[in-house]
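The values are calculated or read from the model by the stated rules, or taken from the named source; none is laboratory data. Bear in mind that the values here come from a model prediction, so they are computed numbers and not experimental data. Heads up, the Cβs are rebuilt from the backbone with ideal geometry, glycines too, and the neighbour counts pull from every protein chain shown. In case anyone asks, the SASA skips ligands and DNA or RNA and just uses the protein heavy atoms, side chains included. Shrake-Rupley method; radii C 1.70, N 1.55, O 1.52, S 1.80 Å.
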Amino acid sequence: MRDSAAFRSARLFGLAWACGLLLTVLMVVMAVGEHLPVRDADDTMLRFPAILAAAIALDVVPRMIRRGEVRTVMQERWPARHWAFALSGLGAWYLCYATFRNVKSMVPFVNHHLYDDKLAAIDRGIWGGHTPAVVLHDVLGTHLAAHLFSAVYIGWIALVPVSIAIALVWTRSTAAGSWYVTAVAVDWVLGAVLYLLVPTLGPVYSAPGDFATLPHTYVTDLVNSLMDDRVAVLAHPWGSGTLQTIAAFPSLHVGIMTTIVLSVTLFGLQRWIRVAAWIFWVLTVFATLYIGWHFFCDIIGGAAVGSFAVWISAMTTGNHVGLRPQLRRTRDRLRAEPTGQGDASGAHPAPLG
């Protein structure tokens, strides 16, 4: 008996769902044990489905207009199995993200220690007695670079949900889409666990004098806003109406960017996409250090988390040969419009879009 589309999709995202359930249990235990509220992070219950709906519209509306057909386009681009794939992936991702944000917010109530001084000392040992952020300020200056890295941070915020929408909506490869979404889910769960084990604030909060010479940017307001949220949550967790989101080790900015660059490389996407992704990875590393979101130790930890997430997700989604990650290209390609560029069994990479 053939498996249903919903069952096959749930199985593809098995590890992602497991990550979400693990975080849910952790969140509930912490919430009950510390008498803390559970909140919808950033209204993602409404926001992300809206992003997904917009992505679906961008996927089908131009084709409908160009071809003058509606039903045929929907049948080709969105058969039942693709709906099952996208909705299962969305559900797993949302569960991971929402619970991750709540667990992160609860960290100060569960572990009262802060390890900023220890990580700062390790950073100085690695950097020959110097503070990484101060070195970058001296080398790159404190004007144009500050605005550039602020823009990079804004770009990163937008990139993550867009990349998930691409993987769930525009991909025609269930293998690639499930691999990537699962890897991000692993990033969330590993990040949450490490936040609990090694609570930190980050250099911009633990050593604000090192960043006093930076000009006012979007990040300046964000730094102040996040600390205001933290103070409010610590003072009145039920009455604050928000979550606290400050935690430095590991850097999930770098972790998720590592997942992205390894994914686009292993998927064999176009060269310009791979080059652009790696350039943005480098800029993200510099931005997190320069602005003070993270210690250099956090960068190393984030890169390790992102790399492991890609590997373990490859193992659990069937994208491997032995212990080597490799995109599975046969029988997982969803039916799409003919393009004349090869199929899933051909030599061409299975595209994400």
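Close amide-amide hydrogen proximity is noted between His320 and Gln326, each under 5 Å apart and 5 or more residues distant or on a separate chain (H modeled in the peptide plane; Pro and chain starts excluded).
Along the range 106-114 the Karplus relation, 6.51 cos²θ - 1.76 cosθ + 1.60 evaluated at θ = phi - 60°, assigns HN-Hα couplings of 7, 3, x, 7, 9, 10, 8, 7, 10 Hz to successive residues, with x for each Gly and Pro. Distances between placed amide hydrogens fall under 5 Å for Ser173 paired with Leu334, all partners being 5 or more residues away or on another chain. Surface composition of the chain: carbon plus sulfur atoms contribute 67% of the solvent-accessible area (1.4 Å probe, protein chains only, all chains present).
Evaluated over the Cα positions of the chain, the convex hull gives a direction-averaged projected area, one quarter of its surface, of 20.0 nm². Compute the separation of the alpha-carbon centres of the range 241-266 and the range 50-125 and state it in Å as a whole number. Answer, in whole Å: 13. Accessible surface for the chain, divided over its residues, is 46 Å² per residue with a 1.4 Å probe. Computed from the C-beta positions of Leu87 and Met64 and an R0 of 30 Å, the FRET efficiency is 0.90 to the nearest 0.05.
Note that the range 59-65 has calculated 3J(HN,Hα) couplings of 6, 9, 4, x, 5, 4, 5 Hz, one per residue in order, obtained from phi through the Karplus relation 6.51 cos²θ - 1.76 cosθ + 1.60 (θ = phi - 60°); glycine and proline are x.
Split the chain at each of the chymotrypsin sites (Phe, Trp or Tyr not before Pro) in a DSSP loop with at most 16 other beta carbon atoms within 10 Å, and the longest piece is 1-126. Subtracting the Cα-Cα distance of Arg71 and Ile154 from their residue separation scaled by 0.36 nm leaves 26.1 nm.
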